[in-house]
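Written below as structure tokens is the structure these notes are about.
The values are calculated or read from the model by the stated rules, or taken from the named source; none is laboratory data. Given the structure is predicted, the values throughout are model-derived calculations rather than measurements. All Cβ positions, even for glycine, are placed from backbone atoms using ideal geometry, and neighbour counts span all protein chains on display. Heavy atoms of the whole protein, side chains included, go into the accessibility calculation; ligands, DNA and RNA do not. Shrake-Rupley method; radii C 1.70, N 1.55, O 1.52, S 1.80 Å.
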Amino acid sequence: MKNDLILQTVTKVAVFIILLFSISIFFGGHYSPGGGFVGGLMTSAAIVLLLLAYDLNTVAKILPVDYKIMIATGLLISALTVAGGAIFDVPLMTHAYKYFDLPILGHTSLHTAVLFDLGVYLVVVGVTMTIIQTIGEDE
């Protein structure tokens, strides 16, 4: 692949901004549109941008992640969150929350919905990147 210095330089900044926005959307998902699905897609888009600017081997060295394990982990987290309803004898997908005073964030609510969104996030990133890498592999 041709060494494109401008694309690689812009990619470093753009990926950082995309990932920050992805995290913002992920954590805002239980109050406004967003959450694990959209945050996962944006994270995948940032990784795809890295793949476009660099090559598959370079990105694999930067992010040594087995996306199939990521999918399994996300499914497990989501399934355990849903199963929590059966354990606590409440309807499935019932989420709990409580307000806490955290040092930096102040008066904040913590939701079990974030755990479910984390599972969805991991599944979306894992599936998307598995598909992209499978399409992009040279055999």
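Quick notes
- Summarising the amide proton neighbourhood of GLY35: residues at separation of 5 or more, or on other chains, whose placed amide H is nearer than 5 Å comprise PHE26, GLY28, GLY29.
- Measuring r between the beta carbons of ILE23 and ALA72 and using R0 = 30 Å, the FRET efficiency lands at 0.85.
- Percentage relative contact order, the chain, counting C-alpha pairs under 8 Å, at least six apart: 29
- The stretch 71-130: C-alpha pair distances exceeding 15 Å, %: 57
- Projected onto their three principal axes, the Cα atoms of the stretch 1-128 cover extents of 59, 33, 24 Å, largest first.
- Virtual spin-label span in nm between ILE104 and ILE6, 7 Å along Cα→Cβ: 3.7
- Linear extension gain, PHE37 paired with ILE135, 0.36 nm per residue minus alpha-carbon span: 33.1 nm
- Think of the stretch 5-137 as having a plus end and a minus end, set by charges on the Cβ of Lys, Arg, Asp and Glu; of ILE25, ILE132, LEU7, LEU7 sits farthest toward the positive end of this dipole.
- Within the accessible area of the chain, the carbon and sulfur atoms contribute 72%, probe 1.4 Å, all protein chains present.
- Heavy-atom accessible area per residue - the stretch 1-76, 1.4 Å, Å²: 64
- Ranking TYR97, TYR67 from most to least accessible surface, computed with a 1.4 Å probe over the protein chains only, gives TYR97, TYR67.
- Gaussian network model of the chain, springs between alpha carbon atoms under 10 Å - residue of GLY106, GLY85, GLY40 with greatest fluctuation: GLY106
- In this Cβ point-charge picture (+1 for Lys and Arg, -1 for Asp and Glu), the chain has a dipole of about 240 debye about its Cα centre.
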